[in-house]
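As structure tokens, the structure follows; a few thoughts come after it.
The values are calculated or read from the model by the stated rules, or taken from the named source; none is laboratory data. Source: prediction; values computed, not measured. Note: ideal-geometry Cβ built from the backbone for every residue, glycine included; neighbour counts use all protein chains shown. Remember, those area values only see protein heavy atoms, side chains included, never the ligands or the DNA or RNA. Shrake-Rupley method; radii C 1.70, N 1.55, O 1.52, S 1.80 Å.
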Amino acid sequence: MSTKIADLAEKLDLSTKQLKEKILELGFELAPKARTVDDDVAELIFEELSDSDSSDESPADKGDIAEIYDEIIAEEREREIVKSQRKKTAGRDTKKKVTHVDTVVDTSKAVAIPAAITVKEFAEKTGLNAAKIIGELMKNGILANINQQIDFDTAQVLAEDLGIKVKRIREIAGAEELMSGDISNLVKEDDALLLEERPPVVVVMGHVDHGKTQLLDAIRETDVVAKESGGITQHIGAYQVEKKGKLITFLDTPGHEAFTSMRARGAKVTDIAILVVAADEGVKPQTIEAINHAKDAGVPIIVAINKMDKPEANPEKVKGELAEHDLQAEDWGGNTVMVNVSALKGDGIDALLDMILLTAEMEELKSNPNREAIGTVIEAHLDQNLGPVATVLVNTGTLKVMNSVIIGNTYGRIKLMHDHNGKSVKTAGPSTPVLIAGLNVTPKSGDILQVVKSEKIARERAEEIGLINKKETMDQLSATNQVISQVKSEKILKLIVKADAKGSLEAIKQSIARIKDEEVAIKMIHTGVGTVTESDVMMASASKGLIIAFHTDFDSPNVAKTAERENVEVKKYTVIYDLIENIKAILSGLLEPEVIESVIGRAEVKQIFLTKKKEMIIGARVLTGKLKDKAKLRIIRGVTEEDQDNIVGNGEIDTLRKVEAKVKEINEGNECGIKFVGDPIVEVGDILEAVEISEKIRTIA
Ligand code: GDP
């Protein structure tokens, strides 16, 4: 069904020409003479344009939230009515819809294409002659016919050669991708020119009572803008301050809980870690934990040496202790930024913010603000008035009120958006934390948010994710299997080692360090004397590591429960030998099996009966050994004494025939027919070498 552009323009109080310009600005395709657009497209355009001209100031700044919410719902209802009326009008429109530019080549605009496209579709989208495209592909060494698919990268090279700009159509993330918490693929940008600087996202970590909360409060106090606007400070889990015209985002849940629980779900949202160390107490167990967390996540650390107002403050002693953990202050000849502060008195805060900006600059943090948003949930809860609400940190793009979103296994349409000062906002760009309402269920921290075209798509995808989640809980991977699958991809086995005494810990560390393997590395991300704590479990969960407990146990039954919930395996030992043997056994399971290739026979090509795109029918005679059905084949040409391995191509035996009958193998001296699949380049006189591939499990010494 389609909607008349003229009707839509009238509703939006625009001229047809103005509307057409806006449609193109919004990135939709439209033929110059188009008179209608798809209903779906019309709906989206209507939403975009009817929203954008309303003022940013909303009564929510002053009034009661519940009242505002009702107002928004009423507005939404009105819009639904308009939409259904529009649909009725569109129903009477019998004209053929025109939504794509099919024949006109517009080199000033980027043509949107998917991750893979056939030559024919590419020709249609770009308006280029298909033969020209095939010719151009040939120049690049690619033989393709009109129905063959080319990937985006090939299409991009081709387009560049032909003077056309293309951009990738962003597809909705797969359910698995959304669930994994890994946003790297989602935020990837093909065109570096679209990237703009974004504020750094900072987390504050350190030992209990060293002043994390006080520091976060002191930093917040510097936000003149918030104070002037008279906003009521709302703790939404994150806030932003401005310094030298630049913004910095702070996650304001102190401690590593926020950091680890998000990391445990794979979310990577923080750019910089502030390590708070009290100048009078120095490095403490949780300081070391925090250092290891940040290091494991690859996040740069800035040290804030706090409580400098205290007479007992001894920053030099702190620096000495930090040096033992590989954090060397700049004035100690290292490169870790350390700033002396007093969170209580507000001293040194400016210098700390300057250092954050400097570090951020070096990290070159960038994203594309002009795209649909991807975000990560920092906190979520059920609000009495608003229902499920979540604080989302926008990773890339701009999140807008009325956007349809998928978050974890829930979905919704954003009805309300608040910044950290409780001010209602309509849009939120990269690195901005906002509280959103309009979801159907409360999501979890670490869940990914993705904007999609319609609420229907959001619902379907969320349901799909829900189903997968259910299945996963039913046949949940065992903890060790989870560690193994992680290590298989990263080739690092991460361990957290806890022991009852310093002596045994040292002995274990040395024995583990002696286990050597070329493929899998062992990394002890955290070691310590004492019980297995909540933090150890969260660290193991975040890094998909294993906990080794030597002559020690869980700190409390609660910690054991956390380990169970987070699916973290804690291996307990009382004998070092057993511990080491067990680690070796785990590693042996992780080693890729050795692939052994053995030549089982050679045949000479006597005749070629048929050549197709990826297939040939060949007549051959077995010279040595035997040929087996489904065996891999190497095509060898021009074999000489010196050049034994002149391999020109590869393939496989799809079927093997002796006279007419299909056979499993053919022995030396016999003739056979081979249906060959692979590089269709076999010539009479070539030698086909049949190879059998077997795998041998390796163990570690
Ligand atoms: P957290 O557990 O790391 O969040 O620590 P808090 O921020 O709650 O601070 C713990 C205690 O240290 C509180 O009593 C603070 O008032 C005090 N404190 C924090 N920063 C400073 C400081 O710079 N100087 C002094 N003298 N006390 C501080």
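Scanning the range 381-394 for residues being crowded, with 24+ Cβ neighbours inside 10 Å and either in the same structural domain as V269 (by TED's automatic domain parsing) or not aliphatic (A, V, I, L, M) (or both) gives a total of 1. The set of residues from the range 312-342 being touching a residue at least 60 places away in the same chain (Cβ under 8 Å) and either open to solvent by less than 20 Å² (accessible area, probe 1.4 Å) or more than 16 Å from the ligand (Cβ to nearest atom) (or both) comprises just one member, V341. Among the residues of the range 557-597, the ones that are open to solvent by less than 50 Å² (accessible area, probe 1.4 Å), in contact (Cβ under 8 Å) with a residue 40 or more places away in the chain and part of a strand (DSSP E or B) come to 0 in all. Determine if the range 379-390 includes at least one residue that is in contact with a Lys or Arg (Cβ under 7 Å, 6 or more places away or on another chain) and at pLDDT 90 or above. No, there is no match, as no residue in the range 379-390 is in contact with a Lys or Arg (Cβ under 7 Å, 6 or more places away or on another chain) and at pLDDT 90 or above. Suppose the filter is touching a Ser or Thr at 6+ places or on another chain (Cβ under 9 Å) and either surrounded by 20 or more Cβ atoms within 10 Å (Cβ to Cβ) or without any contact (Cβ under 8 Å) to a residue 12 or more places away in the chain (or both); does V405 pass it? Criteria not met by V405.
Restricting to the range 275-306, count the residues that are in a strand (DSSP E or B) and open to solvent by 10 Å² or more (accessible area, probe 1.4 Å). Within the range 275-306, residues that are in a strand (DSSP E or B) and open to solvent by 10 Å² or more (accessible area, probe 1.4 Å) number 1. State yes or no: is G211 open to solvent by less than 30 Å² (accessible area, probe 1.4 Å), within 30 Å of V497 (Cα to Cα), modelled with pLDDT under 90 and not β-branched (V, I, T)? Considered against the rule, which asks whether it is open to solvent by less than 30 Å² (accessible area, probe 1.4 Å), within 30 Å of V497 (Cα to Cα), modelled with pLDDT under 90 and not β-branched (V, I, T), G211 comes out as no.
Scanning the range 370-380 turns up no residue that is within 16 Å of the ligand (Cβ to nearest atom), buried (at least 17 other Cβ atoms within 10 Å of the Cβ) and in contact (Cβ under 8 Å) with a residue 60 or more places away in the chain.
Screening D350, D309, D354 for residues that are outside the structural domain of S431 (by TED's automatic domain parsing), closer than 20 Å to P199 by Cβ, open to solvent by 30 Å² or more (accessible area, probe 1.4 Å) and within 16 Å of the ligand (Cβ to nearest atom) leaves exactly one candidate, D350. Residues in the range 194-208 that are open to solvent by 70 Å² or more (accessible area, probe 1.4 Å) and either closer than 30 Å to A343 by Cα or modelled with pLDDT under 80 (or both): E197, V208.
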